[in-house]
Amino acid sequence: MRALASVALLFCLNGSLALGEKPESSTEPLGRVLPIVEPGLTDSVERENELFAQTLTKQVSIDFAEVTLLDAIKRLTEIGGIPIRIDRLALEENAVELHAKVSIRVRKVSLYSALRWTLKQHKLAFLAEEDGLLVTTQKQFEERLSRHFYAVPELLGNAADHDSLIETVTAVVEPDSWEELGGPGTIAPFNNGEMVGQTQPQHVRIARLFEHLEALQKTPNDPYPTASRLVSLFPDQTIAIDQALHTKQMTIEFDQVPLTDVIATLNQQGRITFYLDHQGLEDWGLEPTVPVTLEKGTYTQKRLLDLIARQAELAWYIAGDMVVITTEDVVESDLEIRVYPVRDLACCGLDLTDPQVRDIVFPPEMNRNYSSTSAYLCADATDPGHMINLPDYDSLFELLTTTVEAESWEDLGGPGSMYAFTWKADCLVIAHTQSAHRKIAAALALIRKKQMPVDTKAFLAEIEKRNQEIYVRTHLIIGNAELDIPSPSADDLKRLVEQIRARIAPESWDGKTTYVTVMKDRLVVRHRRSVQHEVTGYLLDLRVIGDFRGSSCRGPFHGGYRPPQISAFQSEAPPVPVPEVH
């Protein structure tokens, strides 16, 4: 094996088959395999999906006051219209008795939410089987994975970039649940998609995340919509509740009123269901009857919730189709996922999908040999004269993680996570609390309101000028330990020089102003920037130089190059106020 690997470099250098060349095609007709799928193998999975979907759409109202868990499940079976079975063995092993008491009062919520918050009182959960629902322990629920294959060729591109899509999913969809961090969840690439093993709720989120990414790939540039997209089991209900909380007002007064009575009062005021998470409070030794005092006044429901939660040292959030008042820990364990379109910010206002713009920013020869890169080439950090990093997601990452609840991001031990999905969608996918999302949206809006349009003509002229500059770059030629390829010999380096001269801009090497030569274990190249990029790409594909592309690549100083802007432009819109957050 080592012997085979060690000749890989020589094979390329000797020109037996030029890199990127294709063997002669056969004149014989090509056939294909058309499989006959055995019927019935996926019927049970489809039925499970149908039943779980019904729990999201079936609306119920329940009022359980100190009823037994068994009676509550029987009642939910009747009003939900779906058989519910109990995993008695799992409950016994966890010392959960069917005669344990539950109390919950919610109206016009989904069967999913009614079951979730009823069962949560005894650390239970439910999942859909082919013939009904199963109530079991949280541990069993997390380990009973459903497997789905997501065919998403548009998100993968060609050549397929599975890594970016997999990292997007595992970074924001319940990160701790994946096997890389010790969880049971699995994801693996195959051909045009990903095979995923996850719980049923997470599958819904993954499917909707993919839908949003595919939609963003088709987003026009003029006008370019910048509103974030919610990835949720109940996106429409969540958005409607959020709008109502910010607009509906209440005139109210509390004087040492128990929190339970305050929540009851809120539930009498409108269509939104407010639920006090007794179990969450009990876990932290907090009393649900803590007294609340509030001066008489007119408040939006959101402002009212903020004041009540602050006084009781609690938190609140929209849990799909209802508002839950609970502890900060519960809020941080149930993060909201949003997709933020940032093409305008990451690309400095340039339309990189325009072929004319792309050919100037990234000349075709700069990308020709970067076979392992995506469509957009990050600026080369080894180029002392490089001026631009497009698209620039690093700056957006730093901006948000520095200015929006800095200690709440995963790098500092917080719950928030973020990933840039760049292939045509040009977006940030972020999992965070709803309060943080409001701050993120406000921060991006503030930036957009204050940006001046890029002087595209001057910008592209500057880029084209820089790409024609001639400079010297040195490459340390190394072996590849992972492939067992030893460092090349002096003769290998001479052949490498010959190959570069013959394959890359062959008429442009004059030996004086432009040249490539060997200096011990290094190649020294003097040429214009576009050719330098092509040489670098060729050496990367041969795997004889280190791959620098995984690191951050900014300009020669912090913040990088600022493109020319139209200075006379003044935004007519007033400043965007930073909204209140809870």
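The values are calculated or read from the model by the stated rules, or taken from the named source; none is laboratory data. Remember, it's a predicted structure, so these values are computed and weren't measured experimentally. We place every Cβ from the backbone using ideal geometry, glycine too, and count neighbours over all the protein chains shown. Just the protein is used for accessible areas: all its heavy atoms, side chains included, with ligands, DNA and RNA removed. Shrake-Rupley method; radii C 1.70, N 1.55, O 1.52, S 1.80 Å.
The fraction of accessible area contributed by carbon and sulfur in the stretch 43-143 is 46 percent, rounded to a whole number (1.4 Å probe; ligands and nucleic acids excluded).
Summing +1 for each Lys or Arg and -1 for each Asp or Glu among the other residues whose beta-carbon sits under 15 angstrom from that of Glu253 gives -1.
What shape does the stretch 51-143 have by the C-alpha gyration tensor, where a ≥ b ≥ c are the square roots of the eigenvalues, rounded means a/c under 1.5, and otherwise prolate means a/b greater than b/c and oblate the rest?
Details: a/c = 1.76, a/b = 1.15, b/c = 1.53.
Oblate.
Cα centroids of the stretch 489-523 and the stretch 169-236: 46 Å apart.
Rolling a 1.4 Å probe over the heavy atoms of the protein chains gives the stretch 469-542 an accessible area of 49 Å² per residue. The apolar share of the surface of the stretch 146-218, taken as the fraction of accessible area on carbon and sulfur atoms (1.4 Å probe, ligands and nucleic acids excluded), comes to 48 percent. Only Lys, Arg, Asp and Glu carry charge here, each on its Cβ (+1 for the first two, -1 for the last two); on that basis the stretch 146-218 has a dipole of about 280 debye about its Cα centre. The label point for Glu130 and the one for Ala53, both projected 7 Å from the Cα toward the Cβ, are 1.8 nm apart.
For Thr353 and Ala65, what is the calculated FRET efficiency with R₀ set at 60 Å and r taken between the beta-carbons, to the nearest 0.05? E between Thr353 and Ala65, to the nearest 0.05, is 0.50.
Binning the alpha carbon pair distances of the stretch 75-123 at 5 angstrom intervals from zero yields the distribution 4, 17, 27, 28, 17, 6, 1, expressed in whole percent. Cross-link pairs exceeding 24 Å in C-alpha to C-alpha distance, out of Lys58/Lys218; Lys74/Lys101; Lys101/Lys123; Lys218/Lys450; Lys302/Lys450; Lys248/Lys296, comprise Lys58/Lys218; Lys218/Lys450; Lys302/Lys450. When only the Cβ of Lys, Arg, Asp and Glu is charged (+1, +1, -1, -1), the dipole of the stretch 236-329 relative to its Cα centre reaches about 500 debye.
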